[in-house]
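The structure appears below as structure tokens.
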Amino acid sequence: MAEVPDTVAVTAGPVLAGRVALVTGAAQGLGLAIARALGEAGARLVLADAQPAVHEVAERFAAGGLAACAVAADVATEAGWQQMLQAGCDAWGFVDVLVNNAARTASTPLWDIGIEEWDALMAVNLRGCFLGCRALGAHMRSRGQGGRIINLASLAGQQASAATGLHYAASKAGILALTRGFATELAADGITVNAIAPAAIRSPALEALAPARQEGLLSAIPLGRFGEPEEVAAAAVFLVSDAGAFITGATLDINGGRLMR
């Protein structure tokens with residue numbers, strides 16, 4: 001039986017010092033917020049995104065004192081994951097944290113979803129998550145020093161919603177299944193795998209909605225406000241830190257009370 005520590009430190013400062021975190025979809029939105037929070041907590045960063053603009057993000061991070069490199073790669077391909085992992089190993093020697101955040105969003109009515117649209121979204125959202133968990137899980141297992149994997153799910157994958165397309169919801173529900181499967185497979189290696197399921201988080205896409213639509217969404221949130229990207233990022237830091245070491249196969253809901261269980 002593994003030794004249980006006398007205490008678990010939860011303090012300010014570089015709680016993630018020594019860790020190397022690969023964050024996908026890091027050029028904007030939640031991925032950017034999560035990457036910044038991990039970096040400010042002491043992790044060295046591998047910022048990945050399909051958009052070349054991710055290199056500019058890495059430069060801004062570095063100018064602000066964060067240790068960051070960037071790679072433009074496609075999460076839907078095995079070659080893309082090899083490219084991301086190699087970039088992390090070249091820069092920092094290893095990767096022991098993965099945040100699977102890259103995703104396509106869509107709200108196409110189910111009767112109008114074409115096969116090409118379905119396949120393109122699933123390739124990024126679900127296949128990309130699977131390939132990332134497998135590639136980085138194998139890398140972490142081979143190092144023999146544990147690791148952390150966080151998969152970004154969504155409230156859309158937990159209950160029906162008219163706000164998102166059925167293909168998007170199905171991909172996020174699939175991510176929850178992948179999370180449990182990889183958590184079971186990698187637990188003996190000291191690698192935790194968890195999901196974060198946000199909803200109604202403030203973003204440019206949310207703020208672009210008509211005021212009446214925003215009010216409708218807001219009225220369904222018991223806490224009476226939208227979430228902030230930094231609140232999701234703080235949850236990621238916790239799960240990656242030593243304080244989250246005994247949590248695996250879990251889904252952390254960040255939705256203001258829209259789903260209580």
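The values are calculated or read from the model by the stated rules, or taken from the named source; none is laboratory data. Nothing here was measured: the structure is a model prediction, and the numbers come from that model. Heads up, the Cβs are rebuilt from the backbone with ideal geometry, glycines too, and the neighbour counts pull from every protein chain shown.
Filter segment 118-152 for residues that are of a type in the set (A, V, I, L, M, F, W, C) and not in a helix (DSSP H, G or I); which is surrounded by the most Cβ atoms within 10 Å (Cβ to Cβ)? So the residue we want is ILE149. Note on segment 198-231: among residues that are in contact (Cβ under 8 Å) with a residue 60 or more places away in the chain and among the small types (Gly, Ala, Ser), the one that is surrounded by the most Cβ atoms within 10 Å (Cβ to Cβ) is ALA199. Scanning segment 76-106 for residues that are outside any helix (DSSP H, G or I) and more than 17 Å from the chain's Cα centre (by Cα) turns up THR77, GLY93, PHE94, ALA106.
Restricting the search to segment 91-117, which residues are among the acidic types (Asp, Glu) and touching a strand residue (DSSP E or B) at 6+ places or on another chain (Cβ under 7 Å)? Residue satisfying the conditions is ASP96 alone. Residues in segment 19-38 that are surrounded by fewer than 24 Cβ atoms within 10 Å (Cβ to Cβ) and either under 19 Å from GLN145 (Cα atoms) or aromatic (Phe, Trp, Tyr) (or both): ARG19, VAL20. Among the residues of segment 126-167, the one identified as of a type in the set (Ser, Thr, Tyr), farther than 24 Å from PHE238 by Cβ and at pLDDT 95 or above is SER142.
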